[in-house]
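Step one of this worksheet: look at the structure below.
The values are calculated or read from the model by the stated rules, or taken from the named source; none is laboratory data. Predicted model only: the values in this text are computed from it and were never measured. Every residue, glycine among them, receives a Cβ derived from its backbone with ideal geometry; neighbour counts consider all protein chains shown.
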Amino acid sequence: MLCALAPDLRAALADRLDLVAPDMLPQLSPDDRKAINGAVTMAMQGAPAAMLDLLPSLRTLASCGAGLEKFDAPALEARGIALHPTPHVMTEDTADMAVALVYAVARDIVAGDAYVRSGQWKNGRRSRTTRVAGQRAGIVGLGRIGRRVADRLAGVGLKVSYHGPRAKAGVPYAYVGDIAKLAADVDFLVMTCPGDDSTKHIVNRDVLRALGPQGFLINVSRGSVVDEEALLEALEARTIAGAGLDVFAQEPVPNPRFLALSNVVLQPHASVLTDDNLRELVDEVCRILGAQLH
């Protein structure tokens, strides 16, 4: 292990792999460390050089997650280490979260729950919300996750278009080459693109201005793809209708200004926290590391 793992993930992997905790690696003898040729890490933690220095024979690194932005790819290549992310395991659950956030923000589901629990229902009905069917959704990043989100939303009656580096062949959705134009044309702007230098703050003030007071931003990508200061200003001024966020620029303690807002639904980077994901992730990590299952 190059970093700490969630307790349930660590326990499940420990049933099938001989795990060495990161704080125990320095205590192993040089020969024992040299015998280790496979390791596991979290995509959000990457592969610290200090840990790699302890493992001179490391050749295979399984990363729990789809992201690559925390890894120094040239450094891994120079060490002869093959990096294996696990993007396919993350697809369905992340797409589910994106669609769930669309409904949560449009139908104000979280506030509705609080309305009942607080006893306010007896005082009358809540204000009306937004119908989802028949609305327009723009997907930023039509990769594995983006395509699943697009298909789900189209299946419940939304008109879907998308933005990315280039148009994709064989896709039944309209391509829009400019993200601000896409934002101006949709009611839900859904972020499913990779988080790297090319997408940093791709959602900026201009894009949020184009999204407008009827538009919702959904982000299940990375916090870096959104200029959070611009987003907070838009939410506070209500120049966009709202947002559903599973990722933030700062985690696990996001900007406290989000907590004061009623027009945003917040999730703790939990898209993939399902029982199915855990089972499939363990299977995939063991496959990558060539484990003998027992």
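Quick one: which residue in Ala167, Ala184, Ala100 is hydrophobic (A, V, I, L, M, F, W, C) and within 20 Å of the chain's Cα centre (by Cα)?
Working: Ala167 fails: within 20 Å of the chain's Cα centre (by Cα); Ala184 fails: within 20 Å of the chain's Cα centre (by Cα).
Matching residue, one of Ala167, Ala184, Ala100: Ala100.
Looking across Leu68, Leu13, Leu9, Leu17, one residue alone is touching an Asp or Glu at 6+ places or on another chain (Cβ under 9 Å), under 29 Å from Ile145 (Cβ atoms) and in contact (Cβ under 8 Å) with a residue 60 or more places away in the chain. It is Leu68.
Give, as residue ranges, the strands (runs of 3 or more DSSP E) completely inside the stretch 1-111 that count at least 2 residues that are charged (D, E, K, R) and either assigned by TED's automatic domain parsing to the domain that holds Ala150 or surrounded by fewer than 18 Cβ atoms within 10 Å (Cβ to Cβ) (or both). Talk me through it step by step, then tell me what you get.
On the way: elements: 38-42, 60-64, 82-85.
It comes to none.
If you go through the stretch 271-294 and keep only what is loosely packed, with under 12 Cβ neighbours inside 10 Å and either small (Gly, Ala, Ser) or within 14 Å of the chain's Cα centre (by Cα) (or both), you end up with just Gly290. In the stretch 244-265, the qualifying residues are those that are crowded, with 16+ Cβ neighbours inside 10 Å and aliphatic (A, V, I, L, M), and the one that is farthest from Phe216 (Cα to Cα) is Ala249.
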